[in-house]
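Asks: One structure follows; several queries about it will come next.
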Amino acid sequence: MHRTRVRALCESAIMLALAVALSYVKLFQLPFDGSITLFSMLPICLIAIKWGLSWGLGTAFCYSWFQILQGGVFAWGLTPGMLVASLFLDYLLAFTVLGLAGLFRRHGTLGMVAGVALVCALRFLVHFIAGVVLWANLEEFVAFGHEWVGRPWLYSLCYNGVYMLPETVSTTLAAFFLFRLPQLRPYLLPVKGK
């Protein structure tokens, strides 16, 4: 039992480091920290699939703190209330939901890929809600133009959709192809008894 926990801890740490490193490889960068990365969510999802929800959520929670530390949330000039909402919604909750990728891990390749797609959609949903909450007073931010004033839900949908849709598609496809490779399947499949 002790050996299994040490292995889970080591693999979680390695995948967390890989996720953080991949999050620096930005294929497309938006203002306010939205970006398309090189599969940065996938290592967190793989831990959740292999070791279960508790390890997945723990690793994803740690990943959310790394996102806070490398993000520019403190440089936006947000009010204290907006800063707290951004920290909890846009970072802690949005990245911690990645740990739920193992929900359907016992249902074969399709279930594991569905779990990855689900958590990507959940992350988008959290970012969307955060955008509506944070940009409800969009008239304070005149740099965006007046077409967004009074429509924070539209702004949030467009802004978050621009980077989350490609990120979701690429991460889901990468997971599908990884789980189809016979050489990697033994290393990625759920651990028995977990």
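Asks: Could you check which residue among 109, 172, 96 shows the biggest mean-square fluctuation in a GNM of the chain with a 10 Å Cα cutoff?
Replies: Greatest mean-square fluctuation among the candidates belongs to 109.
Asks: I've got another one for you. Skipping prolines and chain starts, which residues have an amide H placed within reach, meaning under 5 Å, of the one on residue 35, given they are 5 or more residues away or on another chain?
Replies: Excluding prolines and chain starts, which carry no amide H, the hits are 30.
Asks: Specify which labelled value, from [x] 185; [y] 143; [z] 111, agrees with volume of the Cα convex hull per residue in Å³ derived from the coordinates of the model shown.
Replies: It is the one labelled [z].
Asks: Sticking with the crude label model, points 7 Å out along Cα→Cβ, report the distance from residue 27 to residue 13 in nm, one decimal please.
Replies: Between residue 27 and residue 13, the simple spin-label model gives 3.1 nm.
Asks: Suppose only helical runs count, i.e. DSSP H with n ≥ 4. What mean residue ellipticity at 222 nm does that imply for the chain under -39500 (n - 2.57) per run, divided by all residues and rounded to the nearest 500 deg cm²/dmol?
Replies: Dividing the helical sum by the residues of the chain leaves -20000 deg cm²/dmol.
Asks: What percent does the relative contact order of the chain come to when contacts are Cα pairs within less than 8 Å and at least six residues apart?
Replies: The value is 22 percent.
Asks: If r is the Cβ-Cβ distance from residue 110 to residue 69 and R0 is 30 Å, what FRET efficiency results, to the nearest 0.05?
Replies: FRET efficiency, residue 110 to residue 69: 0.25.
Asks: What's the exposure ranking of 4, 37, going from fewest to most Cβ atoms within 10 Å?
Replies: Placing the least packed residue first, the sequence is 4, 37.
Asks: For 169, 20, what ranking results if the residue with the fewest other Cβ atoms within 10 Å of its Cβ goes first?
Replies: 169, 20
Any read-out appearing in this document is the output of simple, stated calculations on the displayed coordinates, not a laboratory observation. Nothing here was measured: the structure is a model prediction, and the numbers come from that model. Heads up, the Cβs are rebuilt from the backbone with ideal geometry, glycines too, and the neighbour counts pull from every protein chain shown.
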